[in-house]
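Asks: Quick one: structure below, then a few questions.
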Amino acid sequence: MDARPAIAVEVYRTLEALGADSELLSIIGAWGDTRDEKWVLEQLQRYNERKGKKPIHPSPWHTD
């Protein structure tokens, strides 16, 4: 069983409850639905760059 779509739903619900903006919610909403992981990762990295967010700690998936 692929849990990614269920994880995306729960992440979406959590972010929505925390007041996330519609751009971030649309990226997460597309994950496992209409877009693959590579696209979602790229969009999240761009979103964070525009918002001036830096990683809290190095990640093996962060491409900088």
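Just so you know, all these numbers are worked out from the coordinates, no wet-lab data involved. Predicted model only: the values in this text are computed from it and were never measured. Cβ placement follows ideal geometry from the backbone for every residue including glycine, while neighbour counts extend to all protein chains displayed.
Asks: Report ³J(HN,Hα) in whole Hz for each residue of region 15-22, in order, from the Karplus equation J = 6.51 cos²θ - 1.76 cosθ + 1.60 where θ = phi - 60°; Gly and Pro get x.
Replies: 3J(HN,Hα) across region 15-22, in whole Hz: 5, 4, 5, 8, x, 4, 6, 5.
Asks: Defining a contact as two alpha carbons under 8 Å apart and six or more residues distant in sequence, what relative contact order in percent does region 4-50 show?
Replies: Relative contact order comes out at 38 percent.
Asks: In addition: Calculate the spin-label point distance for ALA20 paired with ARG46, positioning each point 7 Å from the Cα along the beta-carbon direction, and give it in nanometres.
Replies: Inter-label distance under the simple model: 1.7 nm.
Asks: OK, next. Return the sequence-ordered ³J(HN,Hα) values of region 42-47 in whole Hz as given by the Karplus equation 6.51 cos²θ - 1.76 cosθ + 1.60 applied to θ = phi - 60°, using x for Gly and Pro.
Replies: Whole-Hz 3J(HN,Hα) from phi for region 42-47: 4, 5, 5, 5, 5, 4.
Asks: Also: Which chymotrypsin sites (Phe, Trp or Tyr not before Pro) in region 2-41 sit in a loop by DSSP (not H, G, I, E or B) and have at most 12 other Cβ atoms within 10 Å of their own Cβ?
Replies: Answer by residue number: there is no such site.
Asks: Quick one: what do you get for region 4-50 if you divide its Cα Rg by 2.2 N^0.38 Å? Don't jump to the answer; show the numbers that get you there.
Replies: Numbers: Rg = 10.0 Å, N = 47, 2.2 N^0.38 = 9.5 Å.
Cα Rg divided by the expected 2.2 N^0.38 Å: 1.05.
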